[in-house]
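The values are calculated or read from the model by the stated rules, or taken from the named source; none is laboratory data. On a predicted model such as this, the values are computed, not experimentally measured, just so you know. Backbone-built Cβ (ideal geometry, glycine too); neighbour counts: all protein chains shown. The protein model used for the area step is the full one, side chains on, heavy atoms only, and it has no ligands, DNA or RNA in it. Shrake-Rupley method; radii C 1.70, N 1.55, O 1.52, S 1.80 Å.
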Amino acid sequence: MQAASGRPAPAATAARPPRRGPMGGHGHGRMMPGEKPKDFKGTLKKMLAFMGRFKALLVVVFAFAIGSTVFNIVGPKVLSEATTELFNGIVAKIGGTGGIDYDRVAQILAFTLGLYALSAACSFVQGWIMSYVSQRTCYLLRRGIAEKIDRMPFGYFERASTGDVLSRITNDVDTLGQSLNQGVTQLITSSTTIVGVLAMMLSINPVMTLITVVILPVSAALVAVVVKHSQKYFQAQQDTLGAINGQVEETFSGHAVVKAFGQEDATVARFDETNARLYESAWKSQFISGLMQPIMNFVGNLGYVAVAVAGSFFAVQGIITVGDIQAFIQYVKNFTQPITQLTQVSNVLQQMAAAAERIFAFLDEPEEAPDQVRARTQDVDCTVEFDHVCFGYDADAPVIKDFSARVGKGQTVAIVGPTGAGKTTMVKLLMRFYDVQAGAIRIGGTDVRDFAREDVRGLFGMVLQDTWLFSGTIRENIRYGKLDATDAEVEAAAKAGCAHHFIQTLPGGYDFEINEDASNVSQGQRQLLTIARAILADRRMLILDEATSSVDTRTEERIQRAMDNLMAGRTSFVIAHRLSTIRSADLILVMDRGDIVEQGTHEELLQLGGFYADLYNSQFVECIDEIED
């Protein structure tokens with residue numbers, strides 16, 4: 001459906017089908033790695049408030065994460081006693097004064113094994129609980145977004161990018177879940193490890209601890225240099241990756257047009273240029289960032305050498321034991337690793353906050369005003385009255401200025417006029433996709449605003465110019481008009497809509513699978529299926545938006561007969577561009593710039609020789625000119 005203002009009405013106006021293929025979209029609005037939130041503190045507060053329902057579980061996660069880290073930290077210190085015991089035993093054996101106490105060594109090793117087993121058990125429990133919390137959070141957010149979509153005003157989806165909305169419910173929620181699962185536990189364990197390891201190193205020897213701490217600023221400075229030089233290439237890589245994805249998507253979606261106009265070489269040349277830029281930025285970013293690990297290893301090895309030299313000196317003096325040296329070297333490794341992890345966690349948390357900010361921004365969008373239900377549509381008389389209706393998508397630019405008309409029960413009313421006249425806008429107002437800004441629309445004498453929106457929409461069957469089919473069988477697509485319809489009813493509707501014959505020619509017939517974008521059936525066949533769906537729905541009122549625009553002349557005649565049978569006894573609104581299709585309408589409303597400029601039957605309007613006659617005659621003149629050319 002094309003809005004009178006030139007705004008496209010998205011296919012999302014229809015409800016979700018009972019069966020749907022993988023959710024598509026072009027990824028517009030997808031969050032790039034490294035994207036940061038605009039309001040980190042505000043988003044964090046909303047996130048904490050949302051996760052308040054998991055408070056008890058998060059406390060358990062916190063406790064088990066600390067337990068796992070503490071048991072893991074104590075292990076090297078206990079194990080150092082076994083090393084010292086072995087060293088002293090060997091020295092005593094060489095000196096002939098004793099030997100190795102294997103029982104004592106075995107006890108120490110068994111105790112160490114127990115500590116590591118407890119650490120692993122705690123890590124397993126906290127990982128299991130945190131996975132539940134993160135995925136349950138994703139589940140609740142997805143459900144919240146899905147429910148929010150049903151409460152949002154129709155105008156939001158005409159303004160917003162479809163890819164951006166899909167990205168929030170897929171990419172952003174997934175990013176938040178993964179970041180939450182990895183980031184929170186890593187933050188707890190890394191922080192606890194740093195504090196615990198530092199305490200254990202100080203308990204062994206403060207001087208050796210000072211040597212280790214001094215090395216950290218050197219590592220940080222070198223890492224900062226690497227990051228500074230690699231960041232610009234990473235940014236260029238992401239930008240170029242987006243460009244190349246867009247080119248590939250554009251080329252595949254328009255592949256037939258590319259080949260038809262012989263633009264293969266130009267397309268490949270454009271792709272090669274972008275691909276070369278991606279290669280250039282990608283290898284530089286990967287190479288420079290790859291220097292970080294060797295640099296860290298080099299600095300870390302210098303630290304091990306310094307600790308080993310200092311430890312040997314203190315061991316000779318009897319200040320520390322040999323086992324303490326072994327434990328301290330292990331702690332040095334355990335000290336630098338969580339610092340690196342904390343740096344990574346900060347990026348993960350930034351991504352989590354950026355994703356959460358987009359999600360909560362969507363959840364905070366204004367919703368449709370709640371229905372003030374004062375009447376029901378069960379037995380309503382299907383007469384429609386437009387009483388001085390005024391409406392504009394922008395308050396300062398009205399599309400409908402002063403529209404008044406009365407449509408009797410069972411009448412077929414055609415709405416015609418040039419593009420932008422307000423034809424489709426009237427239908428949107430009739431179905432309460434928008435509410436009028438002045439005047440009123442009444443069905444059966446009752447203002448539509450006194451009905452629930454779903455009740456108003458339940459009165460109408462719709463066949464739009466832009467067909468909408470979902471991934472599934474032909475039978476399922478037709479049955480979408482009436483979910484409890486039998487196979488016989490589905491086939492009867494297809495016959496009435498002139499679709500039965502072509503369905504039988506397809507492999508599998510009614511069980512033929514329509515793909516995600518319905519490209520394996522023609523545009524005309526798609527139109528026939530939507531007509532069959534409307535026939536099956538058997539609603540009391542109909543809206544037809546140029547329902548025969550995509551079929552050939554012979555099929556159009558057959559559909560027109562089926563439509564005449566379908567519209568019999570029903571109040572029907574037909575938006576027509578091809579004026580030859582609405583000659584039998586009971587009433588034709590001619591619109592121009594939001595006003596009714598003429599109304600009457602086809603013959604009456606032609607006799608007037610006014611706006612409608614000009615529109616009608618101009619179509620035949622254009623056809624003749626095309627034939628002569």
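Points to keep in mind about this one:
- Tensor-based shape of the stretch 169-293 (alpha-carbon gyration tensor, a/c under 1.5 rounded, otherwise prolate or oblate): oblate
- Global geometry of the stretch 562-621, whether rounded, prolate or oblate, following the gyration tensor of its Cα atoms and the 1.5 cut on a/c: prolate
- In plain terms, the chain from LEU608 to LEU202 could stretch by 136.0 nm, reckoned as 0.36 nm per residue minus the Cα-Cα distance.
- Computed from phi, the 3J(HN,Hα) profile of the stretch 399-416 under the Karplus parametrisation 6.51, -1.76, 1.60 (θ = phi - 60°) reads 9, 10, 9, 7, 9, 9, 6, 10, 10, x, 4, x, 7, 9, 10, 9, 10, 10 Hz, with x in place of Gly and Pro.
- A cut-off of 5 Å between modelled amide H atoms, ignoring neighbours fewer than 5 places along the same chain, links ASP592 with VAL597.
- Residues in the stretch 375-408 that a label on ARG159 would reach, taking backbone N under 14 Å of a point 7 Å out along Cα→Cβ: 393-396
- Among 116-122, 169-175, 361-367, the order from most to least packed when residues are scored by Cβ within 10 Å on average: 169-175, 116-122, 361-367
- When each of the peptides 400-409, 288-297 is scored by the mean number of other C-beta atoms lying within 10 Å of its residues, the order from highest to lowest reads 400-409, 288-297.
- Gyration tensor (alpha-carbon) shape descriptor, the stretch 126-234, a/c threshold 1.5: oblate
- Here the dipole of the chain is about 2700 debye; that uses its Cα centre as origin and unit charges on the Cβ of Lys and Arg (positive) and Asp and Glu (negative).
- Helices in the chain that qualify as membrane-span-like (whole DSSP H runs, Cα extent of at least 18 Å along the helix axis, mean Kyte-Doolittle hydropathy of -1.0 or higher) are 55-95, 102-151, 173-204, 206-253, 264-290, 292-316, 322-363, 523-537, 611-628.
- The listed residues LYS482, LYS495 rank as LYS495, LYS482 when sorted by accessible area, largest first, using a 1.4 Å probe.
- Value of Rg to Rh for the stretch 422-475, rounded to two decimals, is 1.07; Kirkwood radius and Rg both from alpha-carbon coordinates.
- Principal semi-axes in Å for the stretch 388-467 [√(5λ), Cα gyration tensor, largest first]: 19, 17, 14
- Selection from SER167, LEU483, LEU180 lying farthest towards where the dipole of the chain points positive, charges on Cβ: LEU180
- Amide hydrogen neighbours beyond the local backbone of THR412, cut-off 5 Å, H modeled: SER572, ASP586, LEU587
- Dividing the Cα radius of gyration of the chain by 2.2 N^0.38 Å, with N the residue count, gives 1.41.
- Estimated dipole of the stretch 490-616 in Debye, rounded to 20 [Cβ of Lys and Arg +1, of Asp and Glu -1, Cα centre]: 340
- Summary value for the chain: 17 percent relative contact order, contacts being C-alpha pairs under 8 angstrom separated by 6+ residues.
- Here the Karplus relation 6.51 cos²θ - 1.76 cosθ + 1.60, evaluated at θ = phi - 60°, turns the backbone of the stretch 440-451 into coupling constants of 7, 10, 10, 10, x, x, 10, 4, 4, 6, 8, 9 Hz, with x for every Gly and Pro.
- Per-bin percent of Cα-Cα distances, the stretch 452-602 [10 Å]: 11, 41, 33, 13, 3, 0
- Surface analysis of the chain yields an accessible area of 51 Å² per residue, using protein heavy atoms and a 1.4 Å probe.
- A simple count of charges around GLY323, restricted to other residues whose Cβ falls under 15 Å of its Cβ and scoring Lys, Arg +1 and Asp, Glu -1, yields -2.
- Here the dipole of the stretch 188-284 is about 480 debye; that uses its Cα centre as origin and unit charges on the Cβ of Lys and Arg (positive) and Asp and Glu (negative).
- For the pair LEU483 and ALA243, label points projected 7 Å from Cα toward Cβ lie 4.7 nm apart.
- Whole-percent carbon and sulfur share, accessible surface of the chain, 1.4 Å: 58
- Sequence-distant residues sharing a close amide H with ILE514 (under 5 Å, placed H): GLY472, THR473, ILE474
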